[in-house]
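The values are calculated or read from the model by the stated rules, or taken from the named source; none is laboratory data. If you're wondering where the values come from, they're calculated on a predicted model, not measured in any experiment. In this analysis, Cβ positions are derived from the backbone assuming ideal geometry, glycine residues included, and neighbour counts consider all displayed protein chains. For accessibility, only protein heavy atoms count, side chains too; no ligands or nucleic acids. Shrake-Rupley method; radii C 1.70, N 1.55, O 1.52, S 1.80 Å.
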Amino acid sequence: MNTSTLVQKLWNYCNVLRDDGMSYGDYVEQLTYLLFLKMADERSRPPYSQPSPIPAPHAWPALRARDGDDLFDHYRHTLDELGKHKGTLGLIFGKAQNKFQDPAKLRRVIADLIDAEDWSAMGADVKGDAYEGLLEKNAQ
């Protein structure tokens, strides 16, 4: 996927969530949490095969397997539990809160946006350019 397509895809979801009351900053924050969980899962599989820093009950497959209120509650609980860890996980997820208002929209972001891409295979430039593209669109 090229950078402009990725930026447009990310921005389209931002528009949907903004209509639901989520600010741009909240959207980027939630994307960061979800991308961290997804990429930790990707890096635990071949060809990387690295140990995941995320405990299995809170890892990406556990989140992806849920729907509706169960997903909503699990995501909130995952953010809370990961924030209690020492080290990097605690720093990333400390005081993290679920800013989604609608479980169906959280499910769409997980299934259609985050899970649909192989983020670890993308170069750092693509991810950086996508973030810059989101910043630029927000400034407009």
Under 26 Å from K127, Cα to Cα: lysines that are on another chain or at least 8 residues apart: K9, K38, K95, K99, K105, K137
Cα-projected label distance for L135 with D115, points at 7 Å along beta-carbon direction, nm: 3.1
Over the chain, with neighbouring protein chains present, the accessible area per residue in Å² at probe 1.4 Å is 53
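Determine the shape class of the stretch 1-84: with a ≥ b ≥ c the square roots of the Cα gyration tensor eigenvalues, call it rounded for a/c under 1.5, and otherwise prolate if a/b is greater than b/c, oblate otherwise. Intermediate results must be reported in sequence, preceding the final value.
Details: a/c = 2.13, a/b = 1.24, b/c = 1.72.
The shape class here is oblate.
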Karplus-derived HN-Hα couplings along the stretch 107-119 (A = 6.51, B = -1.76, C = 1.60, θ = phi - 60°), whole Hz, x at Gly and Pro: 4, 5, 5, 5, 6, 8, 9, 6, 6, 6, 10, 9, 5
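Roughly speaking, to the nearest percent, how much of the stretch 8-140's 1.4 Å accessible area is carbon and sulfur? Let's see the in-between values first.
Values: 3470 of 7080 Å².
Carbon and sulfur: 49 percent of the exposed surface of the stretch 8-140.
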In nm, spacing of pseudo-spin labels at S23 and K95 (7 Å Cα→C-beta vector): 1.3
